[in-house]
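Below you'll find the structure, written out as structure tokens, and then a few comments.
The values are calculated or read from the model by the stated rules, or taken from the named source; none is laboratory data. Because the structure is predicted, anything quoted here is derived from the model rather than measured. Neighbour counts run over all protein chains shown; Cβ positions are idealised from the backbone, glycine included. In case anyone asks, the SASA skips ligands and DNA or RNA and just uses the protein heavy atoms, side chains included. Shrake-Rupley method; radii C 1.70, N 1.55, O 1.52, S 1.80 Å.
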Amino acid sequence: MCGIVAYIGPREAYPIILKGLKRLEYRGYDSSGVALLNNKLQVYKKKGKVAELEESLVGKDLHAHAGIGHTRWATHGEPSDRNAHPHSSASGRLAMIHNGIIENYTQLKNELIKKGYHFKSDTDTEVLLNFIEDIQKNNNCGLEEAVRIALKRVVGAYVIVLLDKDQPDTIIAARKGSPLVIGIGKGEHFLASDASPMIEYTKEVVYVNDYELAILKADELILKNLGNEKLTPFVQKLDMEMTAIEKGGYDHFMLKEIFEQPDTIFDCLRGRLDAEKGTITMAGIQNNIEQLKNANRIIIIACGTSWHAGLAAKFMIERLARLQVEVDYGSEFRYRDPIVDSKTLTVCISQSGETADTLAAQREAKSKGSPSLAICNVMGSMVTREANGTIPTHAGHGNPNP
């Protein structure tokens, strides 16, 4: 699960990006890299851990006020220096990082090879980057317009973030299917796959939606759709604390999570459970309580450890509520033409609220008339915004409301 970090503003970009990449190491990765823009565009990348990248950059010219960084989990091409992100375009004028998979990259690559392009890596990312540059060159247009045209041809999922040597005061990003968060500071902006790299700098964020394009300068954020229409950014306040993303003295995040379980369960139930009255109150579902209560069947959709939580929930719900419960992998649910209707409650479990397969399954169920309930740790994320009701887990959030 690749990680993205970017910065533009008055500070030195490299230390912020490096620290952000270290915060994203929990995702798992095989290589990392940064691109820094200050009169010239410098790209540095390395197979292995972020610490190895950091060591390789000792003594290099790292001065820049705009930059992008990436941790890669190999999809197209083996883990190697040349397949690591960021990638440079054929002219060397553009640099790009990318999360996701471009499904029609082979077709695009063959078109570019016929035009004389040569590729230095095995990645779909380099193909997309050169496709964008080719559009820019042939249409004599700016990078923003070239990105918009290119993404109308792209099949797949992506978050892309680009630097252009000819536009040193601008970062351009776009999203479909993979998460992207923009942090809003005073005369500066941050971008990342989740909020952890920016929480110490700002608590004001914008979650970018699918098919949206972000144009960022130090003191300006413009959001547009692929039809070039301006959108109003929805700014939210983060309730995450630094302690929630640090190891807290433990050697590993897994150890931290194991020993935090009693506090996490207490935080999840606090303000909701009245043991004396025998009641549970959840504000996030009150507005749709009748619709949820009328369900005669439940489907739980999740991925990874959230799926395991769903299996445990199945036994408890069936025993206590006497309702039939199925538990589905998000990646399989939408491909089996599921039988759901308005009497089926779809419960989506996602820690981040941005799990691509869970989101796709939620939309599939919604298209068939099923109401959905989200269980999530990030209010305002895509899963919570599209659900009929939400139960926040409040893990690491201090003193939550119901």
Quiz prompt | Cβ-Cβ under 6 Å pairs, at least 6 apart or on other chains, region 118-137 side under 17 Å from Trp73 (Cβ atoms), far side surrounded by fewer than 23 Cβ atoms within 10 Å (Cβ to Cβ) and not small (Gly, Ala, Ser) | solution = Ser121/Arg82; Asp122/His76; Thr123/His76; Asp124/His76; Asp124/Tyr105; Glu126/Phe119
Quiz item: When you go through Ser381, Ser372 one by one, which is the residue that is open to solvent by less than 30 Å² (accessible area, probe 1.4 Å) and touching a Leu at 6+ places or on another chain (Cβ under 8 Å)?
Solution: Ser372
Exercise. Quick one: which strands (runs of 3 or more DSSP E) lie wholly within region 251-363 and hold at least 2 residues that are under 18 Å from Ala374 (Cβ atoms), of a type outside the set (S, T, N, Q) and within 21 Å of the chain's Cα centre (by Cα)?
Key: 297-302, 344-350
Quiz item: Picking from Asn296, Asn287, which residue would you name as being polar (S, T, N, Q), touching a Lys or Arg at 6+ places or on another chain (Cβ under 6 Å) and under 29 Å from Asp328 (Cβ atoms)?
Solution: Asn296
Quiz item: List the pairs whose first member sits in region 167-188 and is under 12 Å from Ile222 (Cα atoms) and touching a residue at least 60 places away in the same chain (Cβ under 8 Å), whose second member is small (Gly, Ala, Ser) and open to solvent by less than 10 Å² (accessible area, probe 1.4 Å), and whose Cβ atoms are under 7 Å apart, counting only residues at least 6 apart or on separate chains?
Solution: Ile171/Ala6; Ile171/Ala66; Ala173/Ala214
Quiz prompt | Qualifying residue in region 33-51 (condition: within 30 Å of Thr305 (Cβ to Cβ), free of Cβ contacts under 8 Å to residues at least 12 places away in the same chain and assigned to a helix (DSSP H, G or I)) | solution = yes
Self-check item: Top-ranked residue in region 361-401 [being out of contact with any strand residue (DSSP E or B) (no Cβ under 9 Å at 6 or more places or on another chain) and under 29 Å from Asp263 (Cα atoms); ranked as modelled with the highest pLDDT]
Solution: His394
Quiz item: Would it be correct to say that Asn130 is buried (at least 23 other Cβ atoms within 10 Å of the Cβ) and either more than 30 Å from Thr358 (Cα to Cα) or aromatic (Phe, Trp, Tyr) (or both)?
Solution: yes
Self-check item: Filter result (open to solvent by 70 Å² or more (accessible area, probe 1.4 Å) and either modelled with pLDDT of 80 or more or assigned to a loop (DSSP other than H, G, I, E, B) (or both)) within region 236-245
Solution: Lys237, Asp239, Glu241
